[in-house]
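Peer 1: Structure in structure tokens, see below.
The values are calculated or read from the model by the stated rules, or taken from the named source; none is laboratory data. These numbers were taken from a predicted model, which means no experiment stands behind them. Cβ: placed from backbone, ideal geometry, glycine included. Neighbour counts: every protein chain shown.
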Amino acid sequence: MVLKKLDELYLLAKKKQTSRLVVAAAQDKQVLQAVSMASVRGIVEPILIGHEQQIKEICSDLKTDTSSFTIIHESDPAAACYSAVSLIKDAKGDILMKGLVPTAPFLKAILNNETGIKKDDLLSHLALFEIPGYHKLLAVTDAAMNIQPDVNEKVSIIRNAVDVFHRLGQKNPKIAVIGPVEVVNQKIESTVHASMLTLMNRRGQISGCLIDGPLALDNAVNKEAAKHKGIHSDVAGDVDIILTPDLNSGNILYKSLIFLAGSISAAVVMGAASPVVLTSRADSDISKLMSIVLAAALK
């Protein structure tokens, strides 16, 4: 199943049982607006942990009916993160979301060795984009979590991304490992990593996907550009997932697609016991909403 529009995620989420969405430090207007929209659509049942009075005041301003919401008072944002993670760990919640709290204490609660919910080798961020001019949804990873991943960490990032696509019904997503050039250059680490990951895929060490690289971005997303450079690849021009070399390039590509290309995004962090919605304050309301819907579709 190849998804072409983010709205298709609603259909997948609707097939699942309504998700219990646990929001840490929920006293954030934009977050509560997205949560309210997801609740009205029957996607989630909100469990809001944070400053109760502030949460109710914001919801009142938004004209949001909170009668079906569970609100747990916790004025300390860091403590709210641990409480939210605890609910996920105890199977009393299905999706975790960051509210009005810095990312560091939020992740600290997730990664705590004794009380956290880290499941896999590493957490990684994946964003799905609906891009004007591209023929299907395109994923970019990792734009938010891993600063300078080595080859083994990139394997984990790929596996997290493949897990997302498998849960969405796409069995063999195409992954482009991008860099500045299409040939291996020992002085350009990203091209060396790309060749290693491609070989590991061909040998079956990374399964459930098709990997090719190194590919420059133009060759990854445009078949004519690849043909012009003499590149013969089943991935080129039909890529599902772009693996960026590092956080710098991933974050720049992520924000370029949103602010310059007019794309809509939905993003999750994978590698924990549940999908994690970790949005930026710069993300639009629709991107926050679609991130919640994506997480619900992955449950």
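Peer 1: So SER67 passes all but one of these: (1) assigned to a loop (DSSP other than H, G, I, E, B); (2) modelled with pLDDT of 95 or more. Which condition number does it fail?
Peer 2: Single failed check for SER67: (2).
Peer 1: I need a count of the residues in the stretch 1-20 that are crowded, with 23+ Cβ neighbours inside 10 Å and either closer than 22 Å to ALA104 by Cβ or in contact with a Leu (Cβ under 6 Å, 6 or more places away or on another chain) (or both).
Peer 2: Residues in the stretch 1-20 being crowded, with 23+ Cβ neighbours inside 10 Å and either closer than 22 Å to ALA104 by Cβ or in contact with a Leu (Cβ under 6 Å, 6 or more places away or on another chain) (or both): 1 in total.
Peer 1: Hey, does the stretch 217-231 have a residue that's of a type in the set (Val, Ile, Thr) and within 23 Å of the chain's Cα centre (by Cα)?
Peer 2: yes
Peer 1: Considering the stretch 134-173 alone, what residues qualify as being of a type in the set (D, E, K, R) and either under 16 Å from ALA272 (Cα atoms) or over 16 Å from the mean Cα position of the chain (by Cα) (or both)?
Peer 2: Scanning the stretch 134-173 gives LYS136, ASP142, ASP150, GLU153, ARG159, ASP163, ARG167, LYS171.
Peer 1: Return the residue satisfying two criteria in turn: it lies in the stretch 234-255 and is assigned to a loop (DSSP other than H, G, I, E, B) and touching a helix residue (DSSP H, G or I) at 6+ places or on another chain (Cβ under 6 Å), and of such residues it is farthest from ASN152 (Cα to Cα).
Peer 2: The qualifying residue farthest from ASN152 (Cα to Cα) is GLY237.
Peer 1: Among the candidates THR191, THR279, which residue alone is within 30 Å of GLN30 (Cα to Cα) and either touching a residue at least 60 places away in the same chain (Cβ under 8 Å) or surrounded by 14 or more Cβ atoms within 10 Å (Cβ to Cβ) (or both)?
Peer 2: Checking each option against the conditions leaves just THR279.
Peer 1: Here are some residues: LYS108, LYS118. Which one is among the basic types (Lys, Arg), farther than 28 Å from ILE206 by Cα and touching a residue at least 24 places away in the same chain (Cβ under 8 Å)?
Peer 2: LYS108
Peer 1: For the stretch 195-211, how many residues are touching a Pro at 6+ places or on another chain (Cβ under 9 Å) and in contact (Cβ under 8 Å) with a residue 24 or more places away in the chain?
Peer 2: Start the filter on the stretch 195-211 by keeping residues that are touching a Pro at 6+ places or on another chain (Cβ under 9 Å), which leaves 195, 198, 208-210.
If we keep only those that are in contact (Cβ under 8 Å) with a residue 24 or more places away in the chain too, we end up with 208-210.
Number of matching residues: 3.
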